[in-house]
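Novice: One structure follows; several queries about it will come next.
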Amino acid sequence: MKTNQGLNTICVHEGDVEDQTYKGAISPIYPATAYAYQGQEDSAYPRYFNTPNQANLAKKIARLEHAELGLIFGSGMATISSAMLSVLKSGDHVIVQNQIYGGTRNFIKKELENYSVKYDFVDLNDEKAVEALIQPNTKLIYLETPSNPLMELVDLKKIAQIAKAHNLITMADNTFATPINQTPIDFGIDIVVHSATKYLGGHSDITAGAVATSKTLIEPILHKAQNFGGSLSDQTTWLLERSMKTLNLRIQRQNKNATELANFLYHRDWIEQVFYPGLETHSQFDLAQSQMSGFGGMLSFKLIKEISTTAFLKELKLVKDVLSLGGVETTILSPAKTSHSLLSDEERQAQGINNQVLRLSCGIENVEDIIDDFNHSLKHNLT
């Protein structure tokens, strides 16, 4: 079988569990929590991350991310915490991108301190600033591109080069881009993490996480994960595999919708700013073109101060004002009140996140219907 298969083929077929009993077309579910151990080299157990459903779906994640191996977790934060703490120990130092998901930032500030791990937040695109922070005890550079919520990009190749020059490990959150639009490992990144709750699950009904990396780095992550116990049930693993069969189809439509909506919003006088790397006016558009094959389904925009974000959200009828992202339905939220609510006012302001900023997760609907919904809300807020 050829190895250069297309993305749709990989999404559908890679990591299938063969139904050897009934020859069904889809993977069977193996929900057992007790497996034979006599004569077995590695006895299966859900917390060992090696049941048939867990192990096979990890192959799909790894292949999509161009990695050697992968693991499936119970949540994105279970993934991030296990991966980080497999690299870091007491007394170590980590360099972190300043603009990242609020939950990750909170974990770093609240939990890494308990492990006596030092950290510094920095603009990773400022090479001199990054170099200046590297210390003898620095072990890791952590990044997220595009970032949540203002779609800031990090030059993956440059960060990987800096890290390798200083024998550091790099870890990238690829949730917003997905492996359909971006494969950080191809640019030299060591570890890729996902909140699979978002695009990989894609239907707003699964909580999961994933990591993809090398054979060498996966072992300490697995050991840490087994001790922390952040495994995913096989029923949910099966649902995630089912969802990922349509990943490329969904992402291509969401890319298209986001591009059209970003251009629509950019030309509206009731919008102060649009944050989307696929806009030619985006300050990092050239970088986006160089390391992304698609610009993603996420964008943010800032309403002019004359419009109340609360009132604007209230009048939306089709676009759902809910937490999370990445589903087939278009959703919207205020980062200041949700994803970044754990940050202080000063931290949010420093990142450019105020109450006028809204984050939009584009679904697969007809884009003209989403535009009509925006116009409907605007009409009620400007009259």
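Novice: Right, Asp321: farther than 18 Å from His203 by Cα and more than 19 Å from the chain's Cα centre (by Cα) or not?
Specialist: no
Novice: In the range 3-17, how many residues are among the β-branched types (Val, Ile, Thr), out of contact with any Leu (no Cβ under 9 Å at 6 or more places or on another chain) and in a loop (DSSP other than H, G, I, E, B)? Give the derivation first.
Specialist: Of the residues in the range 3-17, the ones among the β-branched types (Val, Ile, Thr) are 3, 9-10, 12, 17.
The next check asks that each one be out of contact with any Leu (no Cβ under 9 Å at 6 or more places or on another chain); those that pass are 3, 9, 12.
Narrowing further to those that are in a loop (DSSP other than H, G, I, E, B): 3.
Of the residues in the range 3-17, 1 are among the β-branched types (Val, Ile, Thr), out of contact with any Leu (no Cβ under 9 Å at 6 or more places or on another chain) and in a loop (DSSP other than H, G, I, E, B).
Novice: Against the condition charged (D, E, K, R) and either outside the structural domain of Val117 (by TED's automatic domain parsing) or buried (at least 21 other Cβ atoms within 10 Å of the Cβ) (or both), how does Lys60 come out, does it pass?
Specialist: Yes, satisfied.
Novice: What is the residue count in the range 291-305 for residues that are touching a residue at least 60 places away in the same chain (Cβ under 8 Å) and either more than 18 Å from Pro149 (Cβ to Cβ) or in a loop (DSSP other than H, G, I, E, B) (or both)?
Specialist: 7
Novice: Which numbered condition in (1) farther than 30 Å from Leu112 by Cβ; (2) touching a helix residue (DSSP H, G or I) at 6+ places or on another chain (Cβ under 8 Å); (3) part of a loop (DSSP other than H, G, I, E, B) is the only one that Gln20 fails?
Specialist: Result: Gln20 fails condition (2) only.
Novice: Turning to a different aspect of this structure: Is it the case that some residue within the range 84-95 is at pLDDT below 95, in a helix (DSSP H, G or I) and not small (Gly, Ala, Ser)? Let's see the steps before the verdict.
Specialist: Our first condition is that a residue be at pLDDT below 95; within the range 84-95, this holds for none.
Among the residues of the range 84-95, not one is at pLDDT below 95, in a helix (DSSP H, G or I) and not small (Gly, Ala, Ser), which makes the answer no.
Novice: Scan the range 356-383 for residues that are farther than 18 Å from Tyr266 by Cα, at pLDDT 90 or above and more than 19 Å from the chain's Cα centre (by Cα) and report the count.
Specialist: Within the range 356-383, residues that are farther than 18 Å from Tyr266 by Cα, at pLDDT 90 or above and more than 19 Å from the chain's Cα centre (by Cα) number 2.
Novice: In the range 109-125, what residues are part of a helix (DSSP H, G or I) and in contact (Cβ under 8 Å) with a residue 24 or more places away in the chain?
Specialist: Of everything in the range 109-125, those that are part of a helix (DSSP H, G or I) and in contact (Cβ under 8 Å) with a residue 24 or more places away in the chain turn out to be Leu112, Tyr115.
Novice: Another question, then. From (1) farther than 29 Å from Leu333 by Cβ; (2) touching a residue at least 60 places away in the same chain (Cβ under 8 Å), pick out the condition that doesn't hold for Gly188.
Specialist: Gly188 satisfies all of (1) farther than 29 Å from Leu333 by Cβ; (2) touching a residue at least 60 places away in the same chain (Cβ under 8 Å) except (2).
Novice: Determine which single condition Glu280 fails, assuming it passes every other condition in (1) without any contact (Cβ under 8 Å) to a residue 40 or more places away in the chain; (2) under 20 Å from Gly326 (Cα atoms); (3) not hydroxyl-bearing (Ser, Thr, Tyr).
Specialist: Result: Glu280 fails condition (2) only.
Novice: Cβ-Cβ below 7 Å, separation at least six or inter-chain, first residue in the range 138-157 and in contact (Cβ under 8 Å) with a residue 24 or more places away in the chain, second surrounded by fewer than 22 Cβ atoms within 10 Å (Cβ to Cβ) and among the hydroxyl-bearing types (Ser, Thr, Tyr): which pairs?
Specialist: Cβ pairs passing all conditions: Asn148/Ser339; Pro149/Ser339.
Quick grid of which residues meet (1) assigned to a loop (DSSP other than H, G, I, E, B); (2) surrounded by 15 or more Cβ atoms within 10 Å (Cβ to Cβ):
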{"residue": "Ser324", "(1), (2)": "yes, yes"}
{"residue": "Gly327", "(1), (2)": "yes, yes"}
{"residue": "Ser341", "(1), (2)": "yes, no"}
{"residue": "Gln349", "(1), (2)": "no, no"}
{"residue": "Ile353", "(1), (2)": "yes, yes"}
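Novice: For Thr281, which of the numbered conditions (1) outside any strand (DSSP E or B); (2) among the hydroxyl-bearing types (Ser, Thr, Tyr); (3) buried (at least 16 other Cβ atoms within 10 Å of the Cβ) fails to hold?
Specialist: (3)
Novice: Kindly check whether there is at least one residue in the range 237-260 that is over 20 Å from the mean Cα position of the chain (by Cα), aliphatic (A, V, I, L, M), outside the structural domain of Ile189 (by TED's automatic domain parsing) and outside any loop (DSSP other than H, G, I, E, B).
Specialist: No, the range 237-260 has no match at all.
Novice: Picking from Ile218, Ile191, Ile271, Ile251, which residue would you name as being closer than 19 Å to Ser147 by Cα, touching a strand residue (DSSP E or B) at 6+ places or on another chain (Cβ under 6 Å) and at pLDDT 95 or above?
Specialist: Answer to the selection: Ile191.
Novice: Assuming Lys314 fulfils every condition listed in (1) of a type outside the set (Phe, Trp, Tyr); (2) in a helix (DSSP H, G or I); (3) within 30 Å of Ala196 (Cβ to Cβ) apart from one, which condition is it?
Specialist: (3)
Novice: With within 23 Å of Pro179 (Cα to Cα), among the aromatic types (Phe, Trp, Tyr) and outside the structural domain of Asn174 (by TED's automatic domain parsing) as the only criterion, which of Tyr266, Tyr276 stands out?
Specialist: So the residue among Tyr266, Tyr276 that is within 23 Å of Pro179 (Cα to Cα), among the aromatic types (Phe, Trp, Tyr) and outside the structural domain of Asn174 (by TED's automatic domain parsing) is Tyr276.
The values are calculated or read from the model by the stated rules, or taken from the named source; none is laboratory data. All figures in this text were calculated on a predicted structure; none of them were measured in a lab. So basically every Cβ, Gly included, is an ideal-geometry build from the backbone, and we count neighbours across all protein chains shown.
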